[in-house]
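Read through the structure below, which is laid out as structure tokens, and then see the notes.
Only the coordinates and a few stated rules stand behind these numbers; no lab work does. Everything quoted here is computed from the prediction, not taken from an experiment. Methodologically, a virtual Cβ is constructed for each residue, glycine included, from the backbone with ideal geometry; neighbour enumeration extends over all protein chains shown.
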Amino acid sequence: MKKYLCVGTDKVPAEWLPRWYEVPFDECIMYESEWNVFKPEQYTDLLTLTVIPNGCYKKHLKTLKTERLLNGI
């Protein structure tokens, strides 16, 4: 079952994000912004993992999970 949508940039491939966020690679869908047309309505049930400037990936993942629980998704 896929749980995460990893969104890469032109400088950072999406394949790097599971390691940075410490999530299983097989639970991720990779999205490269320059290759695909992004349709967010297809991925509403997934947590979106992106490149963040400060590099606090574990903390950011906890925040995403908490927001998801509070929103009842």
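What tally of residues in segment 1-33 results from selecting those that are outside any helix (DSSP H, G or I) and under 17 Å from R68 (Cβ atoms)? Give the steps one after another, and end with the answer.
Initially, segment 1-33 is screened for residues outside any helix (DSSP H, G or I), giving 1-13, 22-24, 28-33.
Those left that are additionally under 17 Å from R68 (Cβ atoms): 1-7, 23, 28-29.
Adding up the residues that qualify gives 10.
Is there any pair with a first residue in segment 11-32 that is closer than 19 Å to N54 by Cα and a second that is in a helix (DSSP H, G or I) whose Cβ atoms are under 7 Å apart and which are 6 or more apart or on different chains, and what are they?
P18/F25; W20/Y57; Y21/Y57; Y21/L61; E22/K58
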